[in-house]
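The values are calculated or read from the model by the stated rules, or taken from the named source; none is laboratory data. Since the structure is predicted, the reported quantities are computational estimates derived from the model, not experimental observations. Cβ atoms come from the backbone with ideal geometry, glycine included; neighbour counts cover every protein chain shown. All accessible areas refer to the heavy atoms of the entire protein, side chains included, with ligands and DNA or RNA removed. Shrake-Rupley method; radii C 1.70, N 1.55, O 1.52, S 1.80 Å.
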Amino acid sequence: MTYGELELNAKIKLKEKPHDEQRAYRMVEYTVVAKYPSMCMVEDKKGRRRGAAVGELVMNKVIRQERHLEALRRETGKPRGRNCKNKEKQDSGTKAGKT
């Protein structure tokens, strides 16, 4: 499902960061109450509302990106992100001062 296909009053689950650093993340069920171009408003069962960016919805696997963007991601096959284990290591022997 893409962001355009996400409907109002749909039930979604998002990860919520705990107040204590020692606790694990927990999944909270929200209802979509409004949609905007780059975010949507969600409401929990207690009536609290917050904004959820499209990137957050993609990270929580609630929605997928557009088909052509998903195809680009699959096409490269390269791992992305800061904590990636398979990064290429640069040769440090070519720096100034080292021969």
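The amide H of ASN60, built 1.01 Å from its N in the peptide plane, has no neighbour under 5 Å, considering only residues 5 or more places off or on other chains.
Sorted by accessible area (1.4 Å probe), largest first, how do LYS35, LYS61 line up? Working shown, then result.
Numbers: LYS35 70, LYS61 175 Å².
The most accessible residue leads, giving LYS61, LYS35.
Atom-type composition of the exposed protein surface of region 1-84 places 49 percent of the accessible area on carbon and sulfur (1.4 angstrom probe).
If I take R0 = 41 Å and measure r between the Cβ atoms of HIS68 and GLN22 in this structure, what FRET efficiency does the formula 1/(1 + (r/R0)^6) give, to the nearest 0.05?
Working: r = 42 Å, r/R0 = 1.02.
Once the sixth-power term is evaluated, E becomes 0.45.
Site pair LYS45 and ALA10 shows an inter-label distance of 2.2 nm when each label is modelled 7 Å from Cα along Cα→Cβ.
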